[in-house]
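S.K.: Following this message is one structure expressed as structure tokens.
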Amino acid sequence: MSVPPEFIALYSGLLRQGPGLPEDVLWALERLGLSGPLRVCDAGAGSGADCATLARALPEAAVEGIEAMPEFVAAGQARLAGLPNATLRLGDMAALTGPYDLIWSAGAIYFLGVTEGLTAWRKALAPGGVVAFSQGALQGGDEPQAVRDFWAPEPGITTCDGVLAQVEAAGFEVIGTRLLTGAPWQAYYDSLSARIEALRPGASPAMAEVLAGSEREIALWKQAPDRIAYLLVLARPR
């Protein structure tokens, strides 16, 4: 899949490429009781924000980020330079080998599909290994129009219960969940808004179109910040 250079220029300059906070990573590690000399993969690591959090929280672990976009890898490698237990390399998150004690994936399993991604990652897990991933999800009920418009580009969007059914379909059991609304999105969109303003002067028509699309996304989120969510799921093979 060819990615427009304007998209790369916008998103490679961000601290992270989607909603999330270090607190979400730390919650998952505490809930899973993980520590010690583990082998950890950040699948679809972007520019390495969560790699850095994982490496600091698990100083005895080897943290390996896998990312398909070279520009994100370059930005992430610079960020991780001071963390000797973290690396970030170019690779295909659909072809992980492992064995990993933890596969973390923030907002990236979407590109594979939840059931398909978990099925592919099963063989890359060490005995007792777990997967933690976040995925866009509807909360259910009568969704406001802004929510429907926000998720319109993703026709496969389902409810939180639907995501959990996809986990079950892959032969995994759910250990825990955490709904990500509000603050993780605010932090991401604050960063994205600042990047948009930095790129606006002298923007080409193609870049202006990309910036306008991102501004529309932010505007829709602001109309329903408590209803637009990621579901963070902790799961292990049955």
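S.K.: Got a sec? Which of Gly213, Gly182, Gly140 is on the phi > 0 side of the Ramachandran plot and out of contact with any strand residue (DSSP E or B) (no Cβ under 8 Å at 6 or more places or on another chain)?
M.R.: Exactly one residue qualifies, and that residue is Gly182.
S.K.: For the range 80-118, what are the residues that are in contact with a Leu (Cβ under 8 Å, 6 or more places away or on another chain) and either in a loop (DSSP other than H, G, I, E, B) or not β-branched (Val, Ile, Thr) (or both)?
M.R.: Once the filter is applied, which keeps residues that are in contact with a Leu (Cβ under 8 Å, 6 or more places away or on another chain) and either in a loop (DSSP other than H, G, I, E, B) or not β-branched (Val, Ile, Thr) (or both), the range 80-118 yields Leu80, Asn85, Ala86, Leu88, Met93, Ala94, Gly98, Pro99, Tyr100, Asp101, Leu102, Trp104.
S.K.: Name the residue that is nearest to the chain's Cα centre (by Cα), counting only residues in the range 119-147 that are part of a helix (DSSP H, G or I) and in contact (Cβ under 8 Å) with a residue 60 or more places away in the chain.
M.R.: Among them, the one singled out is Trp121.
S.K.: Looking at Arg31, is it assigned to a helix (DSSP H, G or I) and at pLDDT 95 or above?
M.R.: Considered against the rule, which asks whether it is assigned to a helix (DSSP H, G or I) and at pLDDT 95 or above, Arg31 comes out as yes.
S.K.: Restricting to the range 51-95, name every residue that is over 17 Å from Leu15 (Cα atoms), within 17 Å of the chain's Cα centre (by Cα) and crowded, with 21+ Cβ neighbours inside 10 Å.
M.R.: Correct list: Val63, Glu64, Met93.
S.K.: Another question about this same structure. When you scan the range 218-238, how many residues do you find that are part of a loop (DSSP other than H, G, I, E, B) and surrounded by 18 or more Cβ atoms within 10 Å (Cβ to Cβ)?
M.R.: Residues flagged as part of a loop (DSSP other than H, G, I, E, B) and surrounded by 18 or more Cβ atoms within 10 Å (Cβ to Cβ) within the range 218-238 amount to 2.
S.K.: Between Leu80, Leu34, Leu96, Leu112, which is within 27 Å of Thr159 (Cα to Cα), aliphatic (A, V, I, L, M) and in contact (Cβ under 8 Å) with a residue 12 or more places away in the chain?
M.R.: Leu112
S.K.: Starting from the range 46-73, keep only residues that are of a type in the set (Phe, Trp, Tyr), then list their pairs with residues that are outside any helix (DSSP H, G or I) whose Cβ atoms are within a distance under 6 Å, requiring at least 6 positions of separation or different chains.
M.R.: Within 6 Å, the pairs are Phe72/Ser12; Phe72/Gly46; Phe72/Ser47.
S.K.: Can I ask one more? Can you pull out the residues in the range 53-73 that are under 23 Å from Thr97 (Cβ atoms) and either part of a helix (DSSP H, G or I) or small (Gly, Ala, Ser) (or both)?
M.R.: Leu54, Ala55, Ala61, Ala62, Gly65, Ala68, Pro70, Phe72, Val73
The values are calculated or read from the model by the stated rules, or taken from the named source; none is laboratory data. Since we're looking at a predicted model, the values are computed, not measured. Every residue, glycine among them, receives a Cβ derived from its backbone with ideal geometry; neighbour counts consider all protein chains shown.
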